[in-house]
């Protein structure tokens, strides 16, 4: 959900647990992860990504070389990021690797499929701030959300913010009453009038067009959009409906909705019901009760409060002694220093 929420530590624990079970893993990132220190503040050291021998990784050749580890380059993909060409390699020895994969959804999907074809049983995609596309069910099968004390000055605020983000991730799936997965973008009025919409209709303010259609054809019942749905568009629907909205806005999945100023509940109260065609499977939430150089919360209280607010999702502090895997194996990925996770 933000920098310093413990995402990399959670990833490291997941890699360790899958490896302990003998699972062949692949790993990549939609951003850049595993660097030694924070790119914005070099005084904040960061947890590293430790991969076992035999793991597949999709990162750049320069980062593979920087690791100093023996590896076999298997595929030089046609995809590039700011650090170079994305290469799929198999680690010949265990060690620390920085990971920077493709940043485009279609490219990420292709890289995942290639790693699966090369023998990976599970592929882990490290997400990135403000890059929700990796959570799409078109890209990944499930999502782990990392939250932490960095998100607010007190525990109540952090829990509220996290619950709102989880609600946004778990939007209701709309009934298949004529929508269909093959349907093109369209608007349907209460009277049953169907209006075709051009691609990208949800990217900007459409107040004028929506007001005109509403005046001509009556109130709206449903708007289906295949691409991104931004805040300006949602607000324009409310303006066009003049405080008399009862409209389902349907996206393909929750990663397509982009809004920051207001939450799902805010729109719901005003008659805008945000729905999806495909749900996003949330399999766990991890918490980091420490905000580097700022504050810390009680881990047990953090886990308990959040677990009560988002049932039945599992909530863990993977560095706490109560975490099952830590208690069973004694393995505790060390933070870079006391205030970093």
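Would a scan of segment 273-288 turn up a residue that is touching a helix residue (DSSP H, G or I) at 6+ places or on another chain (Cβ under 9 Å), modelled with pLDDT of 95 or more and closer than 18 Å to residue 199 by Cα?
Scanning segment 273-288 turns up at least one residue that is touching a helix residue (DSSP H, G or I) at 6+ places or on another chain (Cβ under 9 Å), modelled with pLDDT of 95 or more and closer than 18 Å to residue 199 by Cα.
Considering only residues that are in contact with a helix residue (DSSP H, G or I) (Cβ under 7 Å, 6 or more places away or on another chain) and within 19 Å of residue 9 (Cα to Cα), look in segment 89-98 and name the one that is surrounded by the most Cβ atoms within 10 Å (Cβ to Cβ).
Among residues in segment 89-98 that are in contact with a helix residue (DSSP H, G or I) (Cβ under 7 Å, 6 or more places away or on another chain) and within 19 Å of residue 9 (Cα to Cα), the one surrounded by the most Cβ atoms within 10 Å (Cβ to Cβ) is 97.
Quick check on my filter: what residues within segment 236-248 are farther than 11 Å from residue 210 by Cβ and either buried (at least 18 other Cβ atoms within 10 Å of the Cβ) or touching a residue at least 40 places away in the same chain (Cβ under 8 Å) (or both)?
248
Give me a count of the residues in segment 76-88 that are surrounded by fewer than 16 Cβ atoms within 10 Å (Cβ to Cβ) and over 15 Å from residue 31 (Cα atoms).
Selection size over segment 76-88: 2.
Can you pull out the residues in segment 122-151 that are over 21 Å from residue 86 (Cβ atoms) and touching a strand residue (DSSP E or B) at 6+ places or on another chain (Cβ under 7 Å)?
142, 143, 144, 145, 146, 147, 148, 149, 150
The values are calculated or read from the model by the stated rules, or taken from the named source; none is laboratory data. Bear in mind that the values here come from a model prediction, so they are computed numbers and not experimental data. Every residue, glycine as well, gets a Cβ built from its backbone with ideal geometry; the counts of neighbours run over all protein chains shown.
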